[in-house]
1. Quick check on region 133-143: of everything there that is open to solvent by 60 Å² or more (accessible area, probe 1.4 Å) and touching a residue at least 40 places away in the same chain (Cβ under 8 Å), which residue is nearest to the ligand (Cβ to nearest atom)?
2. Does Ser49 satisfy the criteria of being outside any loop (DSSP other than H, G, I, E, B), closer than 22 Å to Met234 by Cβ, more than 13 Å from the ligand (Cβ to nearest atom) and touching a strand residue (DSSP E or B) at 6+ places or on another chain (Cβ under 6 Å)?
3. Among Asn362, Asn307, which is the only one that is without any contact (Cβ under 8 Å) to a residue 12 or more places away in the chain and not hydroxyl-bearing (Ser, Thr, Tyr)?
4. Can we say Ser58 is within 16 Å of the ligand (Cβ to nearest atom) and modelled with pLDDT under 95?
5. Only one residue in Ile106, Ile124 is at pLDDT 95 or above and either buried (at least 22 other Cβ atoms within 10 Å of the Cβ) or away from the ligand (no atom under 15 Å from the Cβ) (or both), so which one is that?
6. Hey, can you tell me all the residues within region 90-103 that are open to solvent by less than 40 Å² (accessible area, probe 1.4 Å) and either touching a strand residue (DSSP E or B) at 6+ places or on another chain (Cβ under 7 Å) or away from the ligand (no atom under 16 Å from the Cβ) (or both)?
7. Scan region 1-53 residue by residue and report those that are in contact with a Lys or Arg (Cβ under 6 Å, 6 or more places away or on another chain), small (Gly, Ala, Ser) and touching a residue at least 60 places away in the same chain (Cβ under 8 Å).
8. Please work out which residue is farthest from the ligand (Cβ to nearest atom), limiting yourself to region 1-42 and to residues that are under 14 Å from Ala253 (Cβ atoms), open to solvent by less than 50 Å² (accessible area, probe 1.4 Å) and part of a loop (DSSP other than H, G, I, E, B).
Amino acid sequence: MPWCVRKCPYCDFNSHAAPEDLPADAYIRALVADLEQDLPLVWGRSVGSIYFGGGTPSLFSAEQIGVFLSAVRARLDLRPDIEITLEANPGTIESDSFSAYAEAGINRVSLGVQSFDDDVLKRIGRIHGQHEIQHSLQSLKTAGISNFNIDLMYALPGQSPAQSRHDIELAIDANPAHISFYQLTIEANTAFAAQPPQLPVDDVAWDMQQAGLERLEAAAYGQYEISAFARSDMQSRHNINYWRYGDFLAVGAGAHGKVSLPAEGQVQRYVKHRHPKRYLRALDNGDWLAEKRLLSSEERVFEFFLNQLRLKDGVYIDDFSARTGLPWEMVESRVQQAVDKGLLVMGHKRVIPTGLGWRFVNDIQQMFLP
Ligand code: SF4
């Protein structure tokens, strides 16, 4: 869902400032038509999760989200315990919206809080403040959605370690099932890249990270991925599927998909047209795809390790052949090198990062570069 109220200065996602007359109904029609032409990629398979991301999906009404979900239900086999997440930003939710979204089928929400401090939020160009955050949290409570995530950033412009710690306390007080805690990075082609703000120096950012990790662990939010923390059994199933190098369909402007083709022993990646106007034109001409290609064996190896090594549980050996179509022997010597360097240890059917390996995950990932 590629629109936001306005573009945040640090954002490099495919998000566009929403026009006053958002073509929401046409966009939902486009999503359904787009999904239709992807169906042959997954005949006979069932769906474990759906994720409305963006952009700001909560700019769409619960009714519009419901129309799309009904169309999905009519076309695909959804597992009974399916996880259906809506990304939402405080300041874009009507007073009773989360109840309406829950009625439409949403059973998990990811809330883009980023910070609880009004000044810090202003400095990163967010449209919301404390008041809107509390409003959204109250709305989640009223809707009975306890399975929600709070997105929280640290090392923000002008943020002190005390402010970062305070943000974490307020996030924990809200009792979410999941917290994503990650450092602001300045990406190319953003307003912040053109005019960089003053950020906390590296040592201070490191201290913020360490303090955050310790506090989250103490509050029973177990780290299961580089930036993801969850109460037991409340990990994001959708994201775990990405990180386990599972398959996913891509529906929507700029969406990226990845599907394995077991009969051919191949993995296909594809991308839909990025700009919403270009994407919507496909309603008339049926041309949704911006790019489609098969991955080479070395690309599959790298992508597999890049993703699986993000998880603290490590790399599942049985997944390797199932997800890449390649024999484990192809990577055995590289795995052994990482073991010899003390970065990985062999476990039962998996290879696990050591404490040292977890701190230098990038170095292990690089060992699997094509
Ligand atoms: S709300 Fe999120 S997706 Fe939208 S511009 Fe800001 S950071 Fe990007």
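The values are calculated or read from the model by the stated rules, or taken from the named source; none is laboratory data. Values in this document were obtained by computation on a predicted structure and should not be read as measured data. Reconstructed Cβ throughout: ideal geometry from the backbone, glycine too, with neighbour counts over all protein chains shown. Note: accessible area is taken over every heavy atom of the protein model, side chains too, but ligands, DNA and RNA are not part of it. Shrake-Rupley method; radii C 1.70, N 1.55, O 1.52, S 1.80 Å.
1. His135
2. yes
3. The match here is Asn362.
4. yes
5. None of the other options fit; the residue is Ile106.
6. Matches in region 90-103: Pro90, Ser97, Phe98, Ser99, Ala100, Tyr101, Ala102.
7. Residues satisfying the conditions are Gly48, Ser49.
8. Here the answer is Pro23.
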